[in-house]
Amino acid sequence: MKQNILLVATVSLAMAACGDTSTPDADDTQIADESMANDSALLAEWDTPFGVPPFDRIASEDYLPALRFGMDKHRQEIADIIANTDTATFANTIEMLERSGSTLTRVSNVFYAVEGAHSDDVMRETASTIAPEFSAHGDDILLNAALFDRVSAVYEQRDDLDLTAEQLRLLEETHKQFIRSGANLDDESQSRLREINSELASLSQTFQENLLDETNNFEVLVTDKADLGDLPASLVALAAEEATKSGQECECWLISLQRPSINPFLQYSPNRELRKTLFDAYAARGNNDNESDNKATLSRMVQLRTERSALMGYDSHAHFVLSDSMAETPENVYGFLDQIWQPALRVSKEERAALEEMMRADGIDDRLRAWDWRYYTEKVRKAKYDFDEEALRPYFEVNAVRDGVFALSTKLFGLQFVERNDLPKWHPDQQVFEVKEADGTHLAILYMDYFARETKQGGAWMNELRTQMSLDGEVTPIITNNFNFPAPTESSPSLLSLTEAETFFHEFGHALHGMFSDVTYASLAGTNTPRDFVEFPSQVMENWMREPEVLRLFANHYETGEPIPQEIIDKITASAKFNQGFITIEYMAATYLDLAYHVLDITEMVEPDEFESKIMADIDLIDEIIPRYRSGYFAHIFAGGYSAGYYSYIWSEVLDADTFQAFKETSLFDTETAARFRTEILSKGGTRPGMELYVNFRGREPQIEPLLEKRGLN
Ligand SMILES: [Zn+2]
């Protein structure tokens, strides 16, 4: 996720992409109490090895005062920059801005890492207390006219300052950030901008709450076990548990509209009527003309975004958003998507024919419908590949997968990993490693936190506890990887699924991006890249995971030590392209919908139902597939930071497939290609535009064919 240059690390988590809401308080320049720094473990000098955070000495109560102290200090530092009576220079303005807020960054990096992975009530309370304060703090800086004057003064002379390429980039990015926040608008426009941002923030909150209600307010109680079909035993047990929890005393199973509940049901239930009932309810969320209807909310959001982009001087919200991405313009995104859409549509029609045939064999004389797709997909999968993913787990014990990831990094980059049991952690289950170069030089510290627990948020992610930089001497990175893998039990170690093992490789790709960073300014380091570039280094790592040569490095049975059988490897390879037409079309339909809303240049309210139907007709979407997200529940774009950016995932995938192709052309472990990938991409952070980095690595722009090949769409 792209980070704010002035508030490295904090803002990506604390602020939504569509802007912040609070009113800044211009006089709020309290004097930071330096004495506080002495008795807070967070604020004192960290005398730990490698300067890692002293997790064992930090109490949850320490964060709020330390964060506020950091903000006060940051405010003072900004005030000092403005108060400087010397002419604004790169050194006294841009570099001082870069140095400002270092205490806040240090504290907030630790806070958000621990809050995500091992939270408690105090920390959650702190997070919600501090969010509006952060937001106001960001406004105070980015809408500060005196500060913007100094930044602009330096920017105007940029060609005469004899700056290095990285310095020029920092100057341009800093200036751009002020402009994109509205710093150069007149007072009237700025106050309108604040109103728009504020209304958008509350609308997005409303959208999220409505969606939650709509998802939770519908469930189906299954009373005949036959209706569950071949639903895996663990999910049957879970559905029974849910029924009991809701007060049912029958032998029955509760299916909800949560993805982990409805999706397997649609895959396995032979009861076509019930599948339809659940599917329709799922697809109608936010569109039921009740008090939780999202149509007016999202329509107003589209209208406000369009107005805001015009205020900023852009043709549309998409133009505004994309001007700060690798893709640059909506035209480029459309041009790219259109190359994948037609082949994917063709493959999805072939898939439909195979499913329909399977349905006929089932004795059903009807057209295939949307609620049949997943069910017959499972039947075809079983018939064609006889592949049970659950049977793979014994080969993917978590430490074995970790060793596989490490072994791959050693082969590619020569890295060494030394476990350190002497460093403080935030949870006893964590593993900590010192990562060294082939010659033994220290590179980074890596924290691994594998298991799901109640105190951890869902999903998997990477954090930087300390970002690499060399502005005032070399600072080496401290990186974390976080997962929600099943915890070991008394009878079994933590055994991963194929997808979970892939996630391990993915997050480790983000970790490499952070660890290999080799830049001067933290704002441009590591994963501080545009949204449509940041998933590229992580996704590329996934490619290795399924390769037979790589599986043989680590996938040994946890009990017998036997290597994964060739027969299973063959099945993994054979089924890789299965159902990719559907997966691509479902995702891309939502991408087209996202763009369509955000390239509008009229500010009349749209009617979402009609609008969506028209856009789907324009792209010839087939009836049996609906967009992965329909308007009423498209939280990525109406309640998250992905408006005009949902395409990013497949954009990054083109880059990763084309990159992996470079290895396939030589060898999967080709050290020369790996070194070039490290130097030209992974070490460069956001110091150059993404396309330029890519061309430097690959010698040309990315080609789409490897992606089509990988997904079986060629
Ligand atoms: Zn990722």
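The values are calculated or read from the model by the stated rules, or taken from the named source; none is laboratory data. Here the structure is a predicted model, which is why all the values come from computation and not from measurement. Note that we place each Cβ from the backbone using ideal geometry, even for glycine, and neighbour counts take in every protein chain shown.
General remarks:
- All of (1) free of Cβ contacts under 8 Å to residues at least 60 places away in the same chain; (2) assigned to a helix (DSSP H, G or I); (3) farther than 18 Å from Glu624 by Cα hold for Leu274 with one exception: (3).
A quick yes/no check of all residues on (1) out of contact with any strand residue (DSSP E or B) (no Cβ under 9 Å at 6 or more places or on another chain); (2) surrounded by 19 or more Cβ atoms within 10 Å (Cβ to Cβ); (3) among the polar types (S, T, N, Q):
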{"site": "Ser325", "(1), (2), (3)": "yes, yes, yes"}
{"site": "Pro330", "(1), (2), (3)": "yes, yes, no"}
{"site": "Ala353", "(1), (2), (3)": "yes, no, no"}
{"site": "Asp366", "(1), (2), (3)": "yes, no, no"}
{"site": "Trp371", "(1), (2), (3)": "yes, yes, no"}
{"site": "Lys382", "(1), (2), (3)": "yes, no, no"}
{"site": "Glu397", "(1), (2), (3)": "no, yes, no"}
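- Enumerated helices (runs of 4 or more DSSP H) restricted to segment 127-217, each holding at least 3 residues that are closer than 27 Å to Arg305 by Cα and modelled with pLDDT under 90: 187-216
- In segment 694-709, residue farthest from the chain's Cα centre (by Cα) [restricted to those that are in contact (Cβ under 8 Å) with a residue 60 or more places away in the chain and part of a helix (DSSP H, G or I)]: Leu708
- Unique match (being among the acidic types (Asp, Glu) and surrounded by 18 or more Cβ atoms within 10 Å (Cβ to Cβ)) among Asp149, Asp139: Asp139
- For segment 432-444, the condition holds for at least one residue, the condition being that it is crowded, with 17+ Cβ neighbours inside 10 Å, over 19 Å from Leu496 (Cβ atoms) and of a type in the set (Gly, Ala, Ser).
- Subset tally (residues that are modelled with pLDDT of 90 or more and in a loop (DSSP other than H, G, I, E, B)) for segment 234-271: 11
- Test: residue in segment 496-505 that is of a type in the set (Gly, Ala, Ser) and either more than 14 Å from the ligand (Cβ to nearest atom) or outside any helix (DSSP H, G or I) (or both): yes
- A count restricted to segment 532-563 and to residues that are touching an Asp or Glu at 6+ places or on another chain (Cβ under 9 Å) and within 12 Å of the ligand (Cβ to nearest atom) stands at 8.
- Residue in segment 150-157 that is free of Cβ contacts under 8 Å to residues at least 24 places away in the same chain and aromatic (Phe, Trp, Tyr) present: yes
- Options Gly313, Gly286; residue that is of a type outside the set (D, E, K, R) and exposed (fewer than 15 other Cβ atoms within 10 Å of the Cβ): Gly313
- Residue match in segment 510-530 (condition: within 12 Å of the ligand (Cβ to nearest atom) and more than 30 Å from Gln167 (Cα to Cα)): no
- Residues located in segment 634-657, provided they are more than 28 Å from Glu356 (Cβ to Cβ), touching a residue at least 60 places away in the same chain (Cβ under 8 Å) and in a helix (DSSP H, G or I): Ala635, Phe638, Ser648, Tyr649, Trp651, Ser652, Glu653, Val654, Leu655, Asp656, Ala657
- Taken together, the residues in segment 277-303 that are free of Cβ contacts under 8 Å to residues at least 24 places away in the same chain and either polar (S, T, N, Q) or in contact with a Pro (Cβ under 6 Å, 6 or more places away or on another chain) (or both) amount to 1.
- Counting residues in segment 250-257 that are over 27 Å from Asn287 (Cβ atoms) and in contact with a Lys or Arg (Cβ under 7 Å, 6 or more places away or on another chain) gives zero.
- Among (1) within 16 Å of the ligand (Cβ to nearest atom); (2) within 30 Å of Gly561 (Cβ to Cβ); (3) modelled with pLDDT under 95, the one test that Pro486 misses: (1)
- The single condition from (1) in contact with a strand residue (DSSP E or B) (Cβ under 8 Å, 6 or more places away or on another chain); (2) away from the ligand (no atom under 16 Å from the Cβ) that Asp570 fails is (1).
- Selection from segment 385-404 of residues that are at pLDDT 95 or above, under 16 Å from Pro563 (Cβ atoms) and of a type in the set (A, V, I, L, M): Ala400, Val401
- Within segment 218-233, the residues that satisfy the criterion of being surrounded by fewer than 20 Cβ atoms within 10 Å (Cβ to Cβ), in contact with a helix residue (DSSP H, G or I) (Cβ under 9 Å, 6 or more places away or on another chain) and either in a helix (DSSP H, G or I) or aromatic (Phe, Trp, Tyr) (or both) are Phe218, Lys225, Asp227.
- Meets criteria (more than 28 Å from Ala391 (Cα to Cα), assigned to a helix (DSSP H, G or I) and among the basic types (Lys, Arg)) for Lys614: yes
- Only one of Leu465, Leu423 that is away from the ligand (no atom under 16 Å from the Cβ), in a strand (DSSP E or B) and among the aliphatic types (A, V, I, L, M): Leu465
- Subset of segment 309-324 (residues that are under 24 Å from the mean Cα position of the chain (by Cα) and aliphatic (A, V, I, L, M)): Ala318, Val321, Leu322
- Listed by first and then second residue, the pairs with beta-carbon distance under 8 Å, at least 6 apart or on different chains, first residue in segment 304-319 and more than 14 Å from Pro330 (Cα to Cα) and of a type in the set (A, V, I, L, M), second at pLDDT 95 or above and crowded, with 20+ Cβ neighbours inside 10 Å, are Met312/Phe320.
- In segment 30-55, the residues that are part of a helix (DSSP H, G or I) and modelled with pLDDT of 95 or more: Pro49, Phe50, Gly51, Phe55
- Residue tally, condition surrounded by fewer than 16 Cβ atoms within 10 Å (Cβ to Cβ) and acidic (Asp, Glu), over segment 84-111: 1
- Complete set of residues in segment 433-462 that are assigned to a loop (DSSP other than H, G, I, E, B) and either over 13 Å from His118 (Cα atoms) or away from the ligand (no atom under 16 Å from the Cβ) (or both): Glu437, Ala438, Asp439, Gly440, Thr441, Ala452, Arg453, Glu454, Thr455, Lys456, Gly459, Ala460
- Within segment 297-318, being part of a helix (DSSP H, G or I) and within 16 Å of Tyr646 (Cβ to Cβ) holds for Leu298, Met301, Val302, Arg305, His317, Ala318.
- Filtered residues of segment 181-190 (kept if out of contact with any Phe, Trp or Tyr (no Cβ under 9 Å at 6 or more places or on another chain) and surrounded by 13 or more Cβ atoms within 10 Å (Cβ to Cβ)): Ser181, Gly182, Leu185, Ser189, Gln190
- Residue in segment 481-495 that is buried (at least 24 other Cβ atoms within 10 Å of the Cβ), within 15 Å of the chain's Cα centre (by Cα) and without any contact (Cβ under 8 Å) to a residue 40 or more places away in the chain present: yes
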